[in-house]
Amino acid sequence: MESATFVLFGATGDLAKRKIYPALFQLFVEQQLPSSFSVIGLGRRELSHEAFQSNVAQSLLTFSRSEMKDSVVMEQFLNAFRYHVLDVNRREDYTKLLSLVEDREVELNITPNRMFYLSVGPEFFETIATNIHESGLGSARGWKRLVIEKPFGHNLESARQLNQTLNQAFEESEIYRIDHYLGKPMVQQMGQLLQSALTEHDLRTRTIASVQISAIETLGVEERAGYYDHAGALRDMFQNHMLQLLMMLTIEFPKPSSAAEGVKRKSQIIKSLMPLNKRKVSQHVVRGQYGAGMIKEKPVIRYTDEAGIASDSQNDTFIAARLQVDDSFWKNTPIYIRTGKRLKEKATRIVIEFKSEGPLKDLLIIEIGPQEGIYYLKRQSNHELSEDETSLRSQPNLMNKGVDGKDAYETLIHDALLGNKAYFAHWNEVELSWEWVQPIMDAYQENLIPLHVYPAGSYGPQEASDLLERDGFHWWFDKKQTSVNDVTKGELFTYEYTN
Ligand SMILES: NC(=O)C1=CN([C@@H]2O[C@H](COP(=O)(O)OP(=O)(O)OC[C@H]3O[C@@H](n4cnc5c(N)ncnc54)[C@H](OP(=O)(O)O)[C@@H]3O)[C@@H](O)[C@H]2O)C=CC1
Ligand SMILES: O=C1O[C@H](COP(=O)(O)O)[C@@H](O)[C@H](O)[C@H]1O
């Protein structure tokens, strides 16, 4: 890997602490960083290099999964870190930053390859990109890359505007839009896993009755009221992570001839999504907001009582939708997506239900997180569990594939340093995703669709189940109760079905 400087905007923030430093440290420990590597952390608050290094050390002690936190390794790692006070709006701060970056490049004798990581609020993205360009920070003879966190725009128009501004400073090939779901091991290995679970023939021709993609959480809005109350589940999860999961799965049927072809197909898939008309959104989409309820046997308050949330907020904390990809393989196969906060369990899961005569179903389940695994459950009845045990026993090789403990940020930062863009969201995908969700945002805005309040600790509004029942399906694996034998490494798992 080529040597590089990692310029981190927002170095004193939450994401840097919880995700970026632990990921960099893990890569360092695994010797996956360039041998000469420089990190320049930026923020408004005054910090000496030493104080900054000590803050980074603290974050590693709290959040790193590495067992190598002994002082020698950590000290070597922290040696690469410097801090610079920068207010994103002050041009002179960028000129000073350029001197610091250049001095370090000379000191370490490294090529001026520069990765600018924007771990700051989205309101700063355009200002920073413009200042990088105008200060000369982006004009060195090495490569330059921009890594940008979500949210990428607030709607189609603002995303386009943001992209246009970024493109004045960076080419599309230099922009790495992080969608951390694309860094999850089970998502990165989707093609491989499907191939080991299904035969080549299955992948090409097996008829799929329906697909369900769920990303459900027990957490509420937590400390992010300011952001979340303007984003909601639609912008926070659906427009990006959920549509990316849909793309990553559907490109595998029929199996692409190469990884590159698969990546190209992502945009085609999203382009083939049957468009919604804002007046008919309510036929395809269920909007919800959590009420009070019980999570893990503890009472929790309703969304509108949360700190920082307006008591009359109409913001969505849940969405379920029925989508249709209108291409030759997926035509006539409904794809159901749901995501929401304060639900009964934390799970990101894809269930493929295959067509069959009669009531017994074959299911392929991909557990993306926090449990990881792929399971092919043969001849599942809606009511029985015994069959899945038999089928899992007969196919032990399909259990718990992909468990490697890697955090998405480790993979994505490593990929960005290598210049591998395969698991970053391309502008075309982002633009098409915003375009597709725009009628839903319009319908929400104009109140053309009801907001259903659901009890915390449930699986969302009843209407989300009705959405499937109308087509003769139901959400698989919703648990009757919280105490279940969950998936543990190497053990059979048993779920309790609601129906
Ligand atoms: N936290 C998370 O889990 C996730 C965050 N994200 C995204 O990552 C980004 C960062 O989030 P997060 O770390 O939580 O945010 P925080 O509010 O914790 O941190 C914001 C950072 O921005 C810096 N900052 C604020 N204003 C300025 C300014 N005028 N000039 C220079 N620096 C400034 C702050 O430093 P200082 O105060 O020293 O100036 C701080 O380091 C956001 O885009 C967020 O949406 C995405 C996914 C998850
Ligand atoms: O991006 C986000 O994702 C998290 C859920 O991520 P996961 O990896 O834990 O599934 C979500 O809680 C958050 O609201 C959203 O911004």
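For the range 145-163: of the residues being within 22 Å of the chain's Cα centre (by Cα) and polar (S, T, N, Q), which is nearest to ligand 1 (Cβ to nearest atom)?
The selected residue is Ser158.
Within the range 143-163, does at least one residue satisfy the condition of being within 16 Å of ligand 2 (Cβ to nearest atom), open to solvent by 10 Å² or more (accessible area, probe 1.4 Å), aromatic (Phe, Trp, Tyr) and closer than 21 Å to Ala416 by Cα?
Yes, because at least one residue in the range 143-163 is within 16 Å of ligand 2 (Cβ to nearest atom), open to solvent by 10 Å² or more (accessible area, probe 1.4 Å), aromatic (Phe, Trp, Tyr) and closer than 21 Å to Ala416 by Cα.
Among the residues of the range 41-82, write down those that are within 29 Å of the chain's Cα centre (by Cα) and hydroxyl-bearing (Ser, Thr, Tyr).
Ser59, Thr62, Ser64, Ser66
Name, by its number, the condition in (1) within 16 Å of ligand 1 (Cβ to nearest atom); (2) surrounded by 19 or more Cβ atoms within 10 Å (Cβ to Cβ); (3) modelled with pLDDT of 95 or more that does not hold for Ser135.
Result: Ser135 fails condition (2) only.
Taking the options Leu273, Leu166, name whichever one is in the same structural domain as Met294 (by the TED database), over 16 Å from the mean Cα position of the chain (by Cα) and crowded, with 16+ Cβ neighbours inside 10 Å. Full working, then the answer.
Numbers: Leu166 fails: in the same structural domain as Met294 (by the TED database).
None of the others qualify; the one that does is Leu273.
Residues Ala4, Ala16, Ala23: which one is within 16 Å of ligand 2 (Cβ to nearest atom), within 19 Å of Arg145 (Cβ to Cβ) and touching a Gly at 6+ places or on another chain (Cβ under 8 Å)?
Values: Ala4 fails: within 16 Å of ligand 2 (Cβ to nearest atom); Ala23 fails: touching a Gly at 6+ places or on another chain (Cβ under 8 Å).
Criteria check complete, one pass: Ala16.
Looking at Asp229, Asp236, which is the one that is within 16 Å of ligand 1 (Cβ to nearest atom), open to solvent by less than 10 Å² (accessible area, probe 1.4 Å) and among the charged types (D, E, K, R)?
Exactly one residue qualifies, and that residue is Asp236.
Filter the range 304-351 down to the residues that are within 16 Å of ligand 2 (Cβ to nearest atom), hydroxyl-bearing (Ser, Thr, Tyr) and within 22 Å of Ile366 (Cα to Cα) and list them by number.
Correct list: Thr339, Thr348.
Could you run through the range 352-375 and say how many residues are away from ligand 2 (no atom under 16 Å from the Cβ), assigned to a strand (DSSP E or B) and not β-branched (Val, Ile, Thr)?
Of the residues in the range 352-375, 7 are away from ligand 2 (no atom under 16 Å from the Cβ), assigned to a strand (DSSP E or B) and not β-branched (Val, Ile, Thr).
How many of the residues making up the range 164-204 are at pLDDT below 95 and more than 14 Å from ligand 2 (Cβ to nearest atom)?
16
Could you list, in sequence order, the residues of the range 53-102 that are closer than 17 Å to Ala23 by Cα and either assigned to a strand (DSSP E or B) or hydrophobic (A, V, I, L, M, F, W, C) (or both)?
Listed by number, the residues that qualify are Val56, Ala57, Leu60, Leu61, Phe63, Met68, Val73, Met74, Phe77, Leu78, Ala80, Phe81.
Test Ala347 against the stated conditions and say whether it is more than 16 Å from ligand 1 (Cβ to nearest atom), in contact (Cβ under 8 Å) with a residue 40 or more places away in the chain, in contact with a strand residue (DSSP E or B) (Cβ under 7 Å, 6 or more places away or on another chain) and open to solvent by 50 Å² or more (accessible area, probe 1.4 Å).
When the stated conditions are applied, Ala347 does not pass them.
Quickly run through the range 169-186 and pick out the residues that are open to solvent by 20 Å² or more (accessible area, probe 1.4 Å), touching a residue at least 40 places away in the same chain (Cβ under 8 Å) and under 20 Å from Val120 (Cβ atoms).
First, pick out the residues of the range 169-186 that are open to solvent by 20 Å² or more (accessible area, probe 1.4 Å): 171-174, 180, 184.
Checking the rest, the ones that are also touching a residue at least 40 places away in the same chain (Cβ under 8 Å) come to 172-173, 180, 184.
Selection gives His180 alone.
The values are calculated or read from the model by the stated rules, or taken from the named source; none is laboratory data. As the structure is a computational prediction, the values presented were derived from the model and not from experiment. With ideal geometry, Cβ positions are generated from the backbone for all residues, glycine too; neighbour counts draw on all protein chains shown. Keep in mind that these areas ignore ligands, DNA and RNA; they rest on the heavy atoms of the full protein, side chains included. Shrake-Rupley method; radii C 1.70, N 1.55, O 1.52, S 1.80 Å.
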